[in-house]
Amino acid sequence: MNKIITVAAALLLSSTALHAQESELLKKYRTMALSYNQDVKAADKGVAYYKEMESSAKADMLPKVAANATASYVGNPMELSITLPSLGAFSFEGKHENYGTSVSMVQPVYTGGRNLEQVKIAQKESALSEDQAALTRSTVTFGTDYRYWNAVAAQEMVAVTQQLEKSMENLVRVVRERVDAGLVNKNDLLMAEVKLNDARFQRKKAQDSFEVSRMALNSQIGVNLKAATAIDTSIPVLRLAGDFATEVEAALNNRAEVRMAQGKIAIQESAGKVKDSYYKPQFYLGAEGSYSSPGYNFKPDMDPNYAVYAKLSIPVFEWGKRKSSRRASSIRVDMAKENLNKVTDNVRLEAQSAYYSYSQAVEQVLLTENSLEKAKDNEQMALDRYKEGNLSILETLDAQLYHQMAQINHIRSRANAQIYYSEFLRALGKY
């Protein structure tokens with residue numbers, strides 16, 4: 001552990017900024033994946049939906065205008081009979097048919113703050129949808145990185161198995177020459193040929209794995225699965241740089257999950273105020289104009305009329321419902337705050353863990369790079385010694401196997417470093 005810390009510290013001091021070779025092809029495929037992915041499209045539609053809902057909530061604060069039309073038949077219309085001493089008896093009778101049109105306007109003046117809080121809720125929900133879309137894009141971007149570097153690693157594996165096959169062919173030729181010269185037993189040749197067949201099998205297997213990896217990448221970016229998508233020929237070697245303590249803390253502000261948890265607190269606070277508004281005075285102003293029959297004074301023809309009014313409603317007694325509603329709203333807010341604490345802890349842990357995994361992956365790249373050089377020299381020395389008759393065929397084959405494993409480990413370590421680097425960027429909220 002002390003060795004790891006020492007190496008990591010040395011690497012951290014080597015530079016002051018986060019740096020990694022970024023593939024131009026990868027940048028292109030990230031854009032393609034984001035344009036193609038159905039989840040991203042759905043998330044963007046969700047953003048548009050909540051924008052419309054925000055506009056709808058704002059409309060509730062404006063006057064409402066409605067047009068109405070009525071028509072009815074009254075079996076026994078209204079009648080009025082009156083006798084005046086000086087004028088005698090008079091009689092008025094309404095019509096069987098009642099019909100007309102009207103236009104009304106209502107303006108909420110005070111609703112206990114309900115309309116304003118509903119607008120705030122709509123705005124927060126709109127912001128939540130944007131954060132959810134950002135989270136979806138981050139996931140898709142990381143998935144693209146993962147599939148891309150796996151495809152590049154698989155391609156490098158093909159090159160390694162091809163190199164091993166050539167190495168084995170060269171060894172079989174050397175062994176055959178020594179068998180023909182009577183220097184070694186034919187058993188050496190049989191063993192070498194078996195290993196050659198195994199190398200050919202490994203090459204075919206690596207080729208199949210590469211094709212599957214490329215199909216996975218093609219599926220991610222939305223092209224034909226069998227398309228010969230261009231990728232980098234090798235995985236760049238990453239080096240750690242910079243002190244990320246401040247970056248990890250900044251993740252708490254960059255991560256969509258944290259903003260979403262904060263937004264949910266605000267939504268619950270506004271929802272509590274909306275519920276409480278129903279227990280406060282409600283005041284509306286309204287006006288209505290009509291054109292109907294019968295008209296005023298029992299006129300048989302249609303006549304215009306109008307009314308202007310004010311409406312005030314004050315809740316008086318609700319059997320303790322208001323207190324219970326307030327307590328329930330307070331509990332919901334507390335629950336949202338606890339969720340924020342949980343999300344914050346998870347994000348901090350994820351960022352720290354991602355950086356640790358990334359640093360360890362870079363350490364493994366350095367170790368496998370060193371082992372690869374030694375395994376390569378060891379294979380060449382073993383082949384030379386076998387030609388001289390100073391080494392057995394088993395030891396020679398082992399040297400080749402060690403070299404192959406060193407190459408594979410180096411490829412895997414570089415691929416892991418790139419993937420952990422992408423994971424670290426996602427944990428910091430960089431995507």
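The values are calculated or read from the model by the stated rules, or taken from the named source; none is laboratory data. Computed from a predicted model, the values in this text were never measured in an experiment. Glycine also receives a Cβ, built like all others from the backbone with ideal geometry; neighbour counts cover every protein chain displayed. In case anyone asks, the SASA skips ligands and DNA or RNA and just uses the protein heavy atoms, side chains included. Shrake-Rupley method; radii C 1.70, N 1.55, O 1.52, S 1.80 Å.
A few comments on the model shown:
- Most fluctuating residue given options 55, 138, 293, as computed from a GNM of the chain linking Cα atoms under 10 Å: 293
- Dipole of region 234-300, positive end: most advanced residue of 267, 295, 240 [Cβ charges, Cα centre]: 295
- Taken per residue, the accessible surface of the chain reaches 58 Å², heavy atoms only and a 1.4 Å probe.
- About its Cα centre, region 223-306 has a charge dipole of approximately 220 debye under the convention of +1 per Lys or Arg Cβ and -1 per Asp or Glu Cβ, with nothing else charged.
- Using a Förster distance of 35 Å, the FRET efficiency for residue 378-residue 35 (Cβ separation, nearest 0.05): 0.10
- Charge-dipole axis of region 46-102 as Lys and Arg at +1 and Asp and Glu at -1 on Cβ define it, positive-most pick from 69, 46, 94: 46
- Share of carbon and sulfur in the accessible heavy-atom surface of the chain [1.4 Å probe, %]: 55
- Each label point was placed 7 Å from the Cα along the Cα-to-Cβ direction; for residue 201 and residue 69 their separation is 8.5 nm.
- A straight line joining the Cα centroids of region 32-86 and region 325-385 runs 53 Å.
- Here the gap between residue 186 and residue 225, fully extended at 0.36 nm per residue and compared with their Cα-Cα distance, gives a gain of 9.3 nm.
- Reducing region 219-288 and region 108-164 to their Cα centroids gives an inter-centroid distance of 8 Å.
- For a label point 7 Å along the Cα-to-beta-carbon line of residue 395, residues of region 163-198 with backbone N under 17 Å: 175, 184-185, 188
- Average Cα contact separation per residue, region 94-242, under 8 Å, 6 or more apart, as relative contact order %: 29
- If you run the Gaussian network model on the chain, springs between alpha carbon atoms under 10 Å, then out of 63, 281, 300 the most flexible one is 300.
- Partner aspartates and glutamates for residue 280 [C-alpha distance under 13 Å; skip if fewer than 8 residues away on the same chain]: 318
- Pairs beyond 26 Å (Cα-Cα), from 27/264; 124/275; 166/387; 124/337; 27/205; 27/226: 27/264; 27/205
- The dipole here belongs to the chain: it is taken about the Cα centre, uses +1 on the Cβ of Lys and Arg and -1 on the Cβ of Asp and Glu, and is about 660 debye.
- With DNA, RNA and ligands ignored, accessible area of residue 314 (1.4 Å probe; Å², nearest 10): 100
- To the nearest ten degrees, helix 114-180 and the longest principal axis of the Cα atoms of the chain are 20 degrees apart.
- For the residues 89, 57, 122, a GNM of the chain with alpha-carbon springs under 10 Å puts the largest fluctuation on 89.
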